[in-house]
Amino acid sequence: MLTMQEIKNHYFFSDDDAELLKSLHPLMAANADRIADEFYDFLLGIPETAEHLKGGQLLNRLKTTHKEWFIALFSGNYDNQYLHNLQQIGQAHVQVGLGAHYVNAAMNIVRRFLIELLQEQYPELEVRRKFRNAVERIIDINLDILSASYQEEALKKVFVSHRLESKLIHATERFTYGLNLILVVALAGVSISVVGLFGWDIVHIFRGDAEKGILGALGTLLVLWMMIELMDNEIKTLKGGKFNILVFIGVIIVALIREILISTLRHDALETQAFLAGTLLILGIVYYLVARSQQMKVTT
């Protein structure tokens, strides 16, 4: 964080400027009530700022505080305590929800008032220019410090938001990883069941129902093959690989082929078999389009 001396150096604010401002102290103290009235008349004329000024006692207290700040502009003492006081004022503005735009606009009222007052009191251009330069610098310094309070508050919100988002994203990633792990275990269990189904189809062959056993075993092997593909895809996902939708479409296609084989053995109605064949055709087209789209992405 910058010190007051560093801030003054950045604005080329010298000890001579401080002495010039100090010499203006009696004049500014005599006009403190006048600037306070103009300042708050301006704020009361804006609906957004007038909301913060409801109540006569509050307004009188704010005017007193504003006069103290205004007179301190010409104290000639601009140290780290002065910086701290300004930071407290800026934080108070942030806490009540007063936008930085209105602080800047209100500071312009003070700047214009001071320039006009200097023109009234110092008709000689060279003399007035020295005072005006000093006044401009201290106003800019004040505005800088007050604006920094808004920047710090914004950074705090971004920092807290970033930490919260990071934790949520990390928790979601771990949860997704856990679900994928459960899915792999479930697929392994289902694969064992498919192996058992394959054994049952082999039993049919030895019982004399060779056609049913062979077709059933063939369909079961297709399902087992696709289960292996599914497990391989999930393992790749757990290792950070990309999700491959083609594998899941392929599983549906294989399951449908097996259903068609079984439907043929059952001698289902022609409409049922036509429906299954039509569904298989549609899935085949979808598989082709998705595969082609993925290939185009790889080549481009």
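The values are calculated or read from the model by the stated rules, or taken from the named source; none is laboratory data. Worth saying up front: this structure is predicted, and the values here are computed from it rather than measured. Using ideal geometry, Cβ is built from the backbone for each residue, glycine included, and neighbour counts are taken over all protein chains shown.
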Inset, instruction - Please work out if Phe70 is in contact with a His (Cβ under 9 Å, 6 or more places away or on another chain), under 26 Å from Gln151 (Cα atoms) and part of a helix (DSSP H, G or I). - result: no
Inset, instruction - Filter segment 195-220 for residues that are closer than 15 Å to Ile260 by Cβ, hydrophobic (A, V, I, L, M, F, W, C) and modelled with pLDDT under 70 and give the result. - result: Leu215
Legend entry - Pair list, Cβ under 7 Å, 6 or more apart: segment 112-130 residue touching a residue at least 24 places away in the same chain (Cβ under 8 Å), other residue assigned to a loop (DSSP other than H, G, I, E, B) and surrounded by 11 or more Cβ atoms within 10 Å (Cβ to Cβ): Leu117/Asn31
Inset, instruction - Starting from residues that are outside any helix (DSSP H, G or I) and surrounded by 14 or more Cβ atoms within 10 Å (Cβ to Cβ), keep the ones in segment 76-94 and report whichever is farthest from the chain's Cα centre (by Cα). - result: Gly76
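Working only within segment 48-59, note down all residues that are loosely packed, with under 12 Cβ neighbours inside 10 Å and out of contact with any His (no Cβ under 9 Å at 6 or more places or on another chain). Can you show your working first?
First pass over segment 48-59, keeping only residues loosely packed, with under 12 Cβ neighbours inside 10 Å: 51, 54-58.
Matches in segment 48-59: Glu51, Lys54, Gly55, Gly56, Gln57.
Check Arg34, Arg111, Arg61 and return the single one that is in a helix (DSSP H, G or I) and under 22 Å from Ser147 (Cα atoms). Lay out the reasoning, then the answer.
On the way: Arg34 fails: under 22 Å from Ser147 (Cα atoms); Arg61 fails: under 22 Å from Ser147 (Cα atoms).
That would be Arg111, the only listed residue that is in a helix (DSSP H, G or I) and under 22 Å from Ser147 (Cα atoms).
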